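Rule-based calculations on the coordinates, nothing more; no lab input. Worth saying up front: this structure is predicted, and the values here are computed from it rather than measured. Glycine also receives a Cβ, built like all others from the backbone with ideal geometry; neighbour counts cover every protein chain displayed.
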Amino acid sequence: MVILDGKATSDKIKQEIAQMVKEKVANGGKRPHLVAILVGNDGASQTYVSNKERACAQVGFNSTLHRFPAEITQEELINKIVEINHNNDVDGLIVQLPLPDHIDEDAVINAIHPSKDVDGFHPENVGKMTLGLPTFVPATPYGILRLLEEYGVETSGKHCVIIGRSNIVGRPLANLMSLKDNPGNCTVTICHSNTKNIDNYTKQADIIIAALGSPRFLKGDMISEGTVIVDVGITRVADATKKTGYRLEGDVDFDSVAPKASYITPVPGGVGPMTIVSLMVNTLKAAEGK
Ligand code: GUN
């Protein structure tokens with residue numbers, strides 16, 4: 001069993017990006033600039049955004065965080081996005097999700113200019129990705145593909161079972177893994193909360209990507225020997241023994257699954273750091289595209 005080490009891989013990619021930025025700036029180029037919008041006080045969202053800011057500093061990007069109270073109106077938020085769309089110094093813009101219930105996420109995503117949509121969530125970019133055209137690929141799916149590629153994991157002709165159908169992870173991954181590409185070229189099954197007898201699918205899988213947000217959902221007796229396991233889950237579970245008061249749990253029951261797996265991502269240190277570095281890759285791409 002091989003651990004797919006997202007931390008080490010993302011550190012290597014960050015160093016490469018830092019070097020490219022250094023050369024770009026030394027040659028008189030503009031330093032890439034990522035803007036993040038954070039609405040409300042959700043603890044996990046705050047952690048994700050500060051991790052993104054830290055990664056920007058590590059690779060030499062400028063970053064700006066705009067924080068708004070949960071009570072901000074949709075109109076105020078969209079006005080801010082339009083203002084940032086027009087700011088030529090800004091290369092990438094992300095609005096951290098989820099947003100409060102009174103705000104329509106689709107309307108907000110639609111307001112982001114597709115050329116600055118480094119999350120790859122705008123319908124125009126989702127359409128391009130689905131067609132296999134060059135665009136910003138959402139960070140978590142991109143990070144997973146990159147990790148599989150770095151470790152030379154064979155995907156062509158394999159059966160890839162994705163558990164979860166979110167717009168951020170499950171659906172884009174299903175599209176990417178089915179494209180005639182490498183990684184990709186898979187037969188893809190999407191399972192979700194309404195799938196009956198999920199074991200029937202997971203036992204047939206060569207690759208399982210668990211992205212449902214249910215701690216330790218995937219157990220060893222649900223998979224076959226030699227399966228490649230990618231764990232996207234990062235749920236905070238209360239734990240009084242930790243300084244923070246919680247620990248992070250993946251969607252995979254590592255102890256029972258790992259002995260049967262050929263490759264497996266750990267939590268933390270697997271998909272999480274690959275997601276963050278993929279956002280840096282997209283931001284550099286946005287800056288280059290100018
Ligand atoms: N919430 C959970 N994942 C993401 C992400 O990749 N981007 C944004 N903007 N919000 C998220």
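Only the Cβ atoms of Lys and Arg (+1) and of Asp and Glu (-1) were treated as charged; on that basis the dipole of region 201-261 about its Cα centre amounts to roughly 280 debye. Quick one: grab the alpha carbon gyration tensor of region 156-290, order the square roots of its eigenvalues as a ≥ b ≥ c, and give me rounded if a/c is under 1.5, else prolate or oblate depending on whether a/b is larger than b/c. Note, shape of region 156-290 comes out oblate.
According to the Cα-based calculation, Rg over Rh for region 10-125 is 0.99, with Rh computed by the Kirkwood formula. Going from the fewest other Cβ atoms within 10 Å to the most, the residues Val237, Val137, Val126, Val108 appear in the order Val237, Val108, Val126, Val137. Of the trypsin sites (Lys or Arg not before Pro) in region 146-229, the ones in a loop by DSSP (not H, G, I, E or B) with at most 10 other beta carbons within 10 Å are Lys180, Lys196.
Using Cβ point charges alone (K and R +1, D and E -1), the dipole size of region 157-207 about the Cα centre works out to roughly 100 debye. Summing +1 for each Lys or Arg and -1 for each Asp or Glu among the other residues whose beta-carbon sits under 15 angstrom from that of Arg54 gives +1. Ranked by the mean number of other Cβ atoms within 10 Å of their residues, highest first, the peptides 225-232, 72-79 come out as 225-232, 72-79.
With the cut-off at 25 Å, tell me which of the pairs Lys12/Lys52; Lys14/Lys285; Lys116/Lys180; Lys7/Lys242; Lys128/Lys285; Lys158/Lys203 have Cα atoms farther apart than that. Over 25 Å apart, Cα to Cα: Lys116/Lys180.
Label the chain by shape, choosing from rounded, prolate and oblate, from the square roots a ≥ b ≥ c of the eigenvalues of the Cα gyration tensor; if a/c is under 1.5 it is rounded, and otherwise prolate applies when a/b is larger than b/c, oblate when it is not. Here the chain falls in the prolate category. Amide H to amide H, with H built 1.01 Å from N, Thr155 comes under 5 Å of Gly184, counting only residues 5 or more places away or on other chains. Positive end of the dipole of the chain (Cβ unit charges, origin at the Cα centre): among Thr275, Gln46, Ile198, the Cα lying farthest that way belongs to Thr275. Shape of region 240-288 from its Cα gyration tensor (a ≥ b ≥ c, root eigenvalues): rounded if a/c is under 1.5, otherwise prolate when a/b > b/c, or oblate? Here region 240-288 falls in the oblate category.
Rounded to the nearest 20 Debye, what is the dipole magnitude of the chain about its Cα centre when Lys and Arg each give +1 and Asp and Glu each give -1 at the C-beta?
In debye, rounded to 20, the chain gives about 540.
Ordered by the number of other Cβ atoms lying within 10 Å of each residue's own Cβ, fewest first, Ser156, Ser10 fall into the sequence Ser156, Ser10.
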